[in-house]
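We did not get these values from a lab; they are worked out from the coordinates using the rules stated. What you see is a predicted model, and the numbers here were worked out from it, not measured in a lab. As a convention, Cβ positions derive from the backbone with ideal geometry for all residues, glycine included, and neighbour counts pool all protein chains shown.
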Amino acid sequence: MTRGELRYEGKAKRVYASDVDGEYIVEYKDDATAFNGVKKAQIMGKGEINNAITAHLYPLLEGAGIPTHFLAKLGDREQRVRAVTIVPVEVIVRNVAAGSFSKRLGIEEGTPLSRPVVEYCFKSDALGDPLINSDTAIALGWASEADLTRIRELALNVRDFLVPYFEARGVRLIDFKLEFGKLASGEIVLADEISPDTCRFWDAKTGEKLDKDRFRRDLGGVEDAYAEMLARVTQTV
Ligand SMILES: Nc1ncnc2c1ncn2[C@@H]1O[C@H](COP(=O)(O)OP(=O)(O)OP(=O)(O)O)[C@@H](O)[C@H]1O
Ligand SMILES: [Mg+2]
């Protein structure tokens, strides 16, 4: 498998063409950004860790009936994925109030939600990924009603798999962000990554944050938290 031309460079990953039609190679970088790119740094080892965590979880999600873009881990930083057209809607699933949800609604961080909350944001760096609802995405042609119904169903299925998975490994899954893509066939699949960059993980015993909030909020111990999450994710219970 050889890397072709660079198709897209994001803040955390590079997407390359491959020598197989319909497949891309994703390279995970150590670069970290927060607050829509205002805060920038490197987190040593992050690329390898996020690649390993995603490469561990996606086959398990497939096993739970959730179609994903993941095909294989190629190396420390690289994985082979199915090329998709990314739906320009970020899907956030919340179990416990935190982050922008707490801020926007004045709900104290850590307040459990009586049922999961699915939120949608328009994927736009220029606009700072603004909150939208499903009507907006449909009206503006970003996704069809059927696509969004499927996306919501899959997002909740991901939650139903991940919450007990992490609980068994001493981690509370507070919230997470997913991206979905469309295959040429029209099928919706889970794309992008699931990692401490895209989830809030709190240690079940101590409440310690084990995710990107350590970077966003200057809490220190960022590298250690990412390494700890890789150990937890790959732990057999
Ligand atoms: N299977 C896939 N096919 C095509 N593009 C993909 C696939 N999986 C992920 N991507 C896209 O790769 C890009 C690079 O990822 P990265 O996480 O670096 O982006 P980002 O900086 O978070 O920016 P943004 O997600 O806002 O574009 C993202 O735009 C993501 O949507
Ligand atoms: Mg990203």
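Brief remarks on what is shown
- Computed from the C-beta positions of residue 144 and residue 108 and an R0 of 30 Å, the FRET efficiency is 0.20 to the nearest 0.05.
- A convex hull fitted around the alpha carbon atoms of region 3-82 yields 101 Å³ per residue.
- The distance from the alpha carbon centre of region 100-118 to that of region 135-197 is 19 Å, rounded to a whole number.
- Summing charges over all other residues whose Cβ lies under 15 Å from the Cβ of residue 147, with Lys and Arg as +1 and Asp and Glu as -1, gives -2.
- Residue pairs exceeding 24 angstrom between C-alpha atoms, taken from 40/177; 40/209; 103/177; 46/103: 46/103.
- Extension gain, residue 153 to residue 44: 0.36 nm times the residue separation minus the Cα-Cα distance gives 35.7 nm.
- Here the calculated FRET efficiency for residue 133 and residue 235, from their Cβ-Cβ distance with R0 = 30 Å, stands at 0.20, rounded to the nearest 0.05.
- Charged-residue dipole, Cβ positions (Lys, Arg, Asp, Glu), region 3-82 about Cα centre, Debye nearest 20: 340
- Relative to its Kirkwood radius, the Cα radius of gyration of the chain gives an Rg/Rh of 0.93.
- Extension gain, residue 34 to residue 7, is 7.4 nm, computed as 0.36 nm per intervening residue step minus the present C-alpha separation.
- With R₀ set to 25 Å, the beta-carbon distance separating residue 224 from residue 100 gives a calculated FRET efficiency near 0.45.
- Eligible aspartates and glutamates near residue 13 by straight Cα distance, threshold 12 Å, same-chain separation 8 or greater: 27, 30, 31, 48, 78, 192, 193, 197
- The distance between label points at residue 20 and residue 76 comes to 2.4 nm (points 7 Å beyond Cα on the Cα→Cβ vector).
- The chain, relative contact order in percent, only Cα pairs under 8 angstrom and at least six apart counted: 18
- Note on the chain: GNM, Cα springs under 10 Å; of 183, 127, 148, the largest mean-square fluctuation is that of 127.
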